[in-house]
Amino acid sequence: MQVEAMRAAAKALNLRLQVLELRAASEFGSGFAAMARERSEGIMVATDTLFRANYNEIADLAGKQKLPSTGTKEFAAAGGLIGYGVDDAAMYRHAAYFVDRILKGAKPDELPIEQATKLELVLNLKTARALGITIPQSLLVRADDVIR
């Protein structure tokens, strides 16, 4: 689902999207080599257990190739340029509401399915400086967290 959304966005923006399907951390080197051959201009790290477990390595490889990178908030904290995602604390607090309803007798299958409504933007200025990128002030003021 995430890749389809990226394909649609790339098409709408008239950008070329290179999708790399990596199955193991040992494939990261060859994946970044493929990006270098294709002259990729940035990297978007999909939400995946393999990638989550290796955010530091991916951010390091992206930095070595001078690739701006984006992913989850945790990815930005690990050295990626931009992170965007749900407010985990708010999600867990809201989960307590559902637990309370179930403990009071509500049937789980009758509870509504909800989508996160609070998203957070994290910008890593250390990474931006290393890449020679200036983050516009208009984006900095919108960020929920700025890593300096």
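The values are calculated or read from the model by the stated rules, or taken from the named source; none is laboratory data. Just so it is clear, the structure is predicted and the values come from calculations on it, not from any experiment. Please note: Cβ atoms are built from the backbone with ideal geometry, for glycine as well, and neighbour counts cover all protein chains shown.
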Inset, instruction - Check off (1) at pLDDT 95 or above; (2) assigned to a loop (DSSP other than H, G, I, E, B) for residue 16 and give me the number that stays unchecked. - result: (1)
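Yes/no per residue for (1) free of Cβ contacts under 8 Å to residues at least 12 places away in the same chain; (2) polar (S, T, N, Q); (3) over 22 Å from residue 15 (Cβ atoms); (4) in contact with a Lys or Arg (Cβ under 9 Å, 6 or more places away or on another chain):
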position	(1), (2), (3), (4)
54	no, yes, yes, no
98	no, no, yes, no
113	yes, no, yes, no
122	no, no, yes, yes
130	no, no, yes, yes
Legend entry - Members of the stretch 107-128 that are acidic (Asp, Glu), surrounded by 10 or more Cβ atoms within 10 Å (Cβ to Cβ) and assigned to a helix (DSSP H, G or I): none
Legend entry - Positions within the stretch 132-148 being outside any loop (DSSP other than H, G, I, E, B) and within 18 Å of the chain's Cα centre (by Cα), in sequence order: 139, 140, 145, 146, 147
Legend entry - Unmet criterion (only one of (1) assigned to a helix (DSSP H, G or I); (2) closer than 20 Å to residue 83 by Cβ) for residue 29: (2)
Inset, instruction - Six or more apart or on different chains, Cβ under 7 Å: which pairs go from a residue in the stretch 21-33 that's surrounded by fewer than 12 Cβ atoms within 10 Å (Cβ to Cβ) to one that's of a type in the set (A, V, I, L, M)? Could you list them? - result: none
